[in-house]
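Only one structure is covered here, and it is reproduced in the block below.
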Amino acid sequence: MAPSTMRQWTVEGKNGFDSLNFNEKAAVPELGDTEVLVKFHAASLNYRDLAIPKGKYPFPVKEGVIPGSDGAGTVEAVGSRVTRFKRGDKVVTLFNQGHLAGSVSADILQTGLGGGTDGTLREYAALSEQGLVHIPANLNFLEASTLPCAALTAWNALYGLESRALKPGQTVLTQGTGGVSIFAVQFAKAAGARVIATTSSDKKADMLKKLGADHVINYKESPNWGEQARSLTPDERGVEHVVEVGGPTTLAQSLKAIAFDGVISIIGFVGGFSKDQPSFLDCLINICTVRGLLVGSRLQFEDMNAAIVQNDIHPVVDEKVFELADLKDAYQYMFDQKHFGKLCVKIAV
């Protein structure tokens, strides 16, 4: 039986990481008829989590929100009308609680954990049974906690536009060694695709090659990495998919790399902002699809989990794991880009 109080973080203001507030005696939420009480064992961080307390996140954020979209744990109790889960089930959260299938809507944007609704950086949460999925059988809690945002975003980038879904033999271009990019490498290789990855260091390049990347380009040494990536594709026709995480500062090179009728999936803006960025005309000239996306649906999540089990894919988790009480240190560690893969927070044993 769950205790009456728990530890949790909230975001109070937009003054950077000092806006994070730790409460060691918050009330454990009451359970509704269609809700599941989850005891979180682990959570993972995303760039979005850093942007919210800095006031730089472009989507809805409620005042005093409990941060964190990604969490994995055990079902402690279920409401009287719950049918999808039972006590003891191992579960992981859906990023946008209302995004069950199909396209995103304005209403769905209000249901993002750690933004529009309270998130996972706490010990217990009462969540709709519709906003959870079973953990893949081959993963532990730390690994599973990395799936809701980064993994599902990468999966959506490669498979979400069904008419242009990744096929064996095609080429995928990834950027950097953040969570989305690494998952994209893993999913692409499992599908029989070729991967060209960019990074800024030889050490990270070696890690990318171990994960299966066929070619790695150091973007600091090769500022025209888009052209170089194109030259590495069959007949220099370009890559079929770009998983674009840099945003305004990298899109011009992505357009140089993309093949005719290829897809550039815009994930984020970790490269910062720039006044000099491509226009819609550049997209037309390159005859490609430039697609913005926000994570993915529960249906996509379940498809992805099936692939994770079938291919025995294991998320790359940074060697340093933080305790819940040390969340501010975890945010700074990630902000300083000291992590490789996904950065996790241990919540309960």
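The values are calculated or read from the model by the stated rules, or taken from the named source; none is laboratory data. The model shown is predicted, which means the values in this text are computed figures rather than measured ones. Cβ atoms come from the backbone with ideal geometry, glycine included; neighbour counts cover every protein chain shown.
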Determine whether the stretch 208-225 contains at least one residue that is more than 27 Å from K342 (Cβ to Cβ) and of a type in the set (D, E, K, R). no
Mind telling me which of the residues T111, T74, T117 ends up being without any contact (Cβ under 8 Å) to a residue 60 or more places away in the chain, crowded, with 21+ Cβ neighbours inside 10 Å, on the phi < 0 side of the Ramachandran plot and not aromatic (F, W, Y)? T117
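Name the single residue, out of those in the stretch 120-138 being within 26 Å of S4 (Cβ to Cβ) and among the polar types (S, T, N, Q), that is surrounded by the fewest Cβ atoms within 10 Å (Cβ to Cβ).
Top of the filtered list is S128.
Assess whether L127 counts as being under 19 Å from R48 (Cβ atoms), assigned by TED's automatic domain parsing to the domain that holds E323 and either at pLDDT 95 or above or under 16 Å from the mean Cα position of the chain (by Cα) (or both). Walk me through how you get there before you give the answer.
Details: under 19 Å from R48 (Cβ atoms): yes; assigned by TED's automatic domain parsing to the domain that holds E323: yes; either at pLDDT 95 or above or under 16 Å from the mean Cα position of the chain (by Cα) (or both): yes.
Criteria met by L127.
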Scanning the stretch 77-108 residue by residue, the ones that are out of contact with any helix residue (DSSP H, G or I) (no Cβ under 7 Å at 6 or more places or on another chain), in contact (Cβ under 8 Å) with a residue 40 or more places away in the chain and outside any loop (DSSP other than H, G, I, E, B) total 4
Selection status of P53, at pLDDT below 95 and in the same structural domain as K342 (by TED's automatic domain parsing): no
Answer with yes or no whether I264 is free of Cβ contacts under 8 Å to residues at least 60 places away in the same chain and within 21 Å of the chain's Cα centre (by Cα). yes
Here is a check on your reading of the model: is L147 buried (at least 23 other Cβ atoms within 10 Å of the Cβ), closer than 16 Å to T34 by Cα and touching a strand residue (DSSP E or B) at 6+ places or on another chain (Cβ under 9 Å)? no
Name the single residue, out of those in the stretch 211-245 being among the hydroxyl-bearing types (S, T, Y) and buried (at least 18 other Cβ atoms within 10 Å of the Cβ), that is nearest to L166 (Cα to Cα). T233
How many residues are at pLDDT below 65 and under 23 Å from the mean Cα position of the chain (by Cα) when one looks only at the stretch 269-313? 5
Only residues that are surrounded by fewer than 24 Cβ atoms within 10 Å (Cβ to Cβ) and more than 22 Å from L343 (Cα to Cα): list them for the stretch 171-193, please. K189, A190, A191, G192, A193
